[in-house]
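As structure tokens, the structure follows; a few thoughts come after it.
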Amino acid sequence: MTYSGKVALITGGGSGMGQLAARQFAEAGAAVAILDVNEAGMAETSEGYDDIHNYPVDITDYARICDIVAEIEGKLGPIDRVYNCAAIMPFGKLMEQEPEVTMRLMNINYGGLVSIARATVPGMAERGNGDFVSFASMSGIIPALMMGGYNASKAAVATYTEVLWHEHLNSGLRFACVCPPAVATPLLQQGKDTAWPKLMQQSDGQEITPALVLEAIETGLDKGDFWIPVTREARIGMLMRRLMPGSVWKSIHKTEGW
């Protein structure tokens, strides 16, 4: 962990990637504000860490997000890193997934990102300093059967963050869109509890660790990379999706058997 900033804001700080990032940032000497609806999870994250501060909030509540950001900066100082880890991951065929579930995926995974960006990026841009990190996952790059709602939300995350980056070139801000393969976090269980494609079953027991992802982010930011696929296989997958989309879909159908 090379982060040497002073104030980090992390959404989804009550578990998984957000939880580990919060603890690493605090151990590096930063003040950390974590946002989540999971109050018990946030309490677990911050236990034993005086510099981790919990803010229960629905990530889709933009007005409340703005109030919290103002409170954080008034209490801790200017935010200089934002990690957008909050997400949900129910799977299912598009015509079998209830519309409210599909829309909830968009509202949380994408809408939450929009709320956080609008509340934090202008201030960082005005100061000419800060890191803005989004988690799109490979699911935002390569769509798959029975994952359409999640794919769409993460593709929106990737596109939004890419445009946001280009709109702030030479601003002093650093942007990263993280696109790892399956990561060993509690989020995966949501997919397994709804529908678990054979494509995802192939990674059972082989998921990469959150620590590996966080290390790749630091390396990528230091190198000036925007896209951070984390692994060599994910990098190849991104290239194949761009150059041979038909072949990618053929492989997906073959894997699923339909």
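Bear in mind that the values in this text are calculations on the coordinates, not laboratory data. Since the structure is predicted, the reported quantities are computational estimates derived from the model, not experimental observations. Glycine also receives a Cβ, built like all others from the backbone with ideal geometry; neighbour counts cover every protein chain displayed.
Side notes on the structure shown:
- C-alpha long axis of helix 232-243 to longest principal axis of the chain, angle in °: 70 degrees
- Remark on Val37: its backbone amide H falls under 5 Å from those of Val57, a criterion applied only to residues 5 or more positions apart or on other chains, H modelled at 1.01 Å from N.
- Pairs of lysine residues in the stretch 7-256 that meet both criteria, 8 or more places apart or on different chains and Cα atoms under 30 Å apart, total 14.
- Stokes-Einstein D for the chain, Kirkwood Rh over Cα pairs, 4 °C, 1.567 mPa s (µm²/s): 70 µm²/s
- Mean residue ellipticity (222 nm) of the chain, computed from DSSP H runs ≥ 4 via -39,500 (n - 2.57), nearest 500: -14500 deg cm²/dmol
- Angle in degrees between helix 62-75 and the longest Cα principal axis of the chain, rounded to the nearest 10: 40 degrees
- Computed from phi, the 3J(HN,Hα) profile of the stretch 197-204 under the Karplus parametrisation 6.51, -1.76, 1.60 (θ = phi - 60°) reads x, 4, 4, 6, 4, 4, 9, 4 Hz, with x in place of Gly and Pro.
- Taking 0.36 nm per residue of separation and subtracting the Cα-Cα distance, full extension of the segment from Ala211 to Trp249 would add 10.6 nm.
- Protection proxy ranking, peptides 4-16, 196-208, average beta carbon neighbours within 10 Å, highest first: 4-16, 196-208
- Summed side-chain charge close to Lys75 - residues other than Lys75 whose Cβ falls under 13 Å, Lys, Arg +1, Asp, Glu -1: -3
- Against the chain, whose longest principal axis comes from its Cα atoms, helix 245-256 is set at around 70 degrees.
- Going from the fewest other Cβ atoms within 10 Å to the most, the residues Arg232, Arg118 appear in the order Arg232, Arg118.
- When the Cα atoms of the stretch 134-258 are aligned to their principal axes, the ranges along those axes come out at 48, 30, 24 Å in descending order.
- The stretch 102-147: C-alpha gyration tensor shape, a/c 1.5 cut-off, then a/b vs b/c: oblate
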